[in-house]
Amino acid sequence: MNGPLETLKVAADEDGLRLDRWFKLHFPELTYGRLQKLLRAGNIRVAAKRARSNTRLEAGQDIRVPRSVREPEAPRPSVRPPPGLSKADRDFIEGLVLFEDEHVLVLNKPFGIAVQGGTGTKRHLDGLLEGMQDRFGGRPRLVHRLDRDTTGVLLVAKSRDAAARLGRTFQTRSAAKTYWALLKGVPRPGQGRVEAALVKASNPDGDHVRKAQPGEQDRAMHATTHYSVVEKIANKAAWVSLKPVTGRQHQLRAHMELIGHPIVGDGKYGGDLNLGEEEIAAKLHLHARRLVLPHPYNKDPIDVTAPLPDHMRKTWQALGLDWERYGD
């Protein structure tokens, strides 16, 4: 046990309260991380039994706690960054965090950085996260992927078990993903579904996918995307909301090309031409805007939105589009 103990009783008006909420009321200075450590070590007992943070209390129950919870937590010793990971890189990762708890991390991926390593790719998010195991209590694990030039919401698990649980959520399509994109031209109709199987194809520019042809069913990947026009700029461009049902590599980019309206700035899939007189950055205009999914342990909804990256904000301003109507 963690030193001297004291016993407190659950009040009548606290019946049904979660244990972590009870601690927040009685010991507001106790951090969530410290509470979890005490629970895992069995230093906190409810009705003489081990408990979890989401345990529901009953009026009259005894809660045994170490007296040390009333004392300020000792400062952590400074941890030297792992070799090869600079303070600037650590600050970079910290600046990307949109949501974090004991099990889950959600980052706002910026433009132009790879999610994983590859030929000639030395600096990538997976490697930077690995170098911060001291910060996250273990090796963070990517749950899904975004292309190097796609921005926005990126889900990361803090443990192997959390990664497995979140992976099953994606496999059962219980995660709702919403992307924003700017297309060349305006799709007709304004709402629709693109259902076209994709296959990987050789390309001098690297990874590339295209629509599967007859006879390629054995290696084709089923892919479905829902699209909806949010706003159009005459007949030359459209701001669209994209909701992929499946999660294939380059799915949204290839599907938009297939309907004749590639994503602006996507030179690989036909979106490399400008829109006219406006100054539009020659960058991919595809952003993972929102992710909604159940928490891997308590099933409470995780709902995270990523703000538009700078180059897309400037484009939206140049075209007179108002993204602030949607909570940004």
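The values are calculated or read from the model by the stated rules, or taken from the named source; none is laboratory data. Bear in mind the structure is a predicted one, so any value in this text is a computation, not a measurement. Here the Cβ positions follow ideal geometry from the backbone for every residue, glycine too, while neighbour counts run over all protein chains shown. Quick note on the areas: whole protein, heavy atoms, side chains included, nothing else; ligands and nucleic acids left out. Shrake-Rupley method; radii C 1.70, N 1.55, O 1.52, S 1.80 Å.
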Apply the Karplus parameterisation 6.51 cos²θ - 1.76 cosθ + 1.60, with θ equal to phi minus 60°, to every residue of the range 306-323 and state each ³J(HN,Hα) to the nearest whole Hz, in sequence, with x for glycine and proline.
9, x, 4, x, 4, 5, 6, 4, 5, 5, 4, 5, 5, 9, x, 9, 10, 6
Choice from Leu284, Leu155, Leu38 showing the highest fluctuation, given a GNM over the chain with Cα pairs closer than 10 Å:
Leu38
Of all GluC sites (Glu not before Pro) in the range 249-328, the ones in DSSP coil with at most 11 other Cβ atoms within 10 Å are Glu277, Glu279
Per-residue ³J(HN,Hα) for the range 240-254, Karplus 6.51 cos²θ - 1.76 cosθ + 1.60, θ = phi - 60°, Hz, x for Gly and Pro:
10, 9, 10, 10, x, 7, 9, x, 7, 4, 6, 4, 5, 5, 5
What accessible area per residue comes out for the range 227-292, rounded to a whole number of Å², with a 1.4 Å probe?
41 Å²
Env charge @ Val97, Cβ radius under 13 Å, K,R +1 / D,E -1, value 0
Ignoring solvent entirely, what values of log10 I(q)/I(0) come out of the Debye formula for the range 219-328 at 0.12 Å⁻¹ when each Cα is a single scatterer?
-0.48
Give the long-range amide H neighbours of Thr224: residues separated by 5 or more places, or on another chain, with amide H under 5 Å away, using H modelled in the peptide plane at 1.01 Å from N.
Val245, Thr246
Only helices counted: for the chain, with every DSSP H run of 4 or more residues adding -39500 (n - 2.57) and the sum spread over all residues, [θ] at 222 nm is -5500 deg cm²/dmol
For the cross-link pairs Lys109/Lys314; Lys211/Lys232; Lys49/Lys158; Lys87/Lys109, which exceed 24 Å when the distance is taken from alpha carbon to alpha carbon?
Lys211/Lys232; Lys49/Lys158
Hey, which lysines would be in cross-link range of Lys243, C-alpha to C-alpha under 17 Å, not counting anything within fewer than 8 residues on its own chain?
Lys177
Between Leu8 and Arg56, what length in nm is gained on full extension when 0.36 nm per residue of separation is reduced by their alpha carbon distance?
15.7 nm
With a sphere of radius 9 Å drawn around the Cβ of Thr178, what net charge do the other residues whose Cβ falls strictly inside it have (Lys, Arg +1; Asp, Glu -1)?
+4
Candidates Val69, Val209, Val292; GNM for the chain (alpha-carbon contacts under 10 Å) flags as most fluctuating Val69
Loop GluC sites (Glu not before Pro), the range 1-47, which have at most 11 other Cβ atoms in a 10 Å radius of their Cβ (DSSP):
Glu29
Cut-off 9 Å between beta-carbons: net charge of the residues surrounding Leu154, Lys and Arg +1, Asp and Glu -1:
+2
Residue-span extension gain [Arg64 to Lys236] - 0.36 nm each, minus C-alpha spacing
55.2 nm
Whole-Hz ³J(HN,Hα) for each residue in the range 8-16, computed from phi via Karplus 6.51 cos²θ - 1.76 cosθ + 1.60 with θ = phi - 60°, x for glycine and proline: what do you get?
10, 10, 6, 6, 4, 7, 9, 4, x
How large, in percent, is the carbon and sulfur part of the accessible surface of the range 45-184 at a probe radius of 1.4 Å?
47 percent
Hey, which aspartates and glutamates would be in cross-link range of Lys37, C-alpha to C-alpha under 19 Å, not counting anything within fewer than 8 residues on its own chain?
Glu6, Asp20, Glu29, Glu71, Glu73, Glu100, Asp101, Glu102, Asp134, Asp161
Roughly what would the spin-label model give for Arg173 and Arg139, points 7 Å off Cα along C-beta, in nm?
3.3 nm
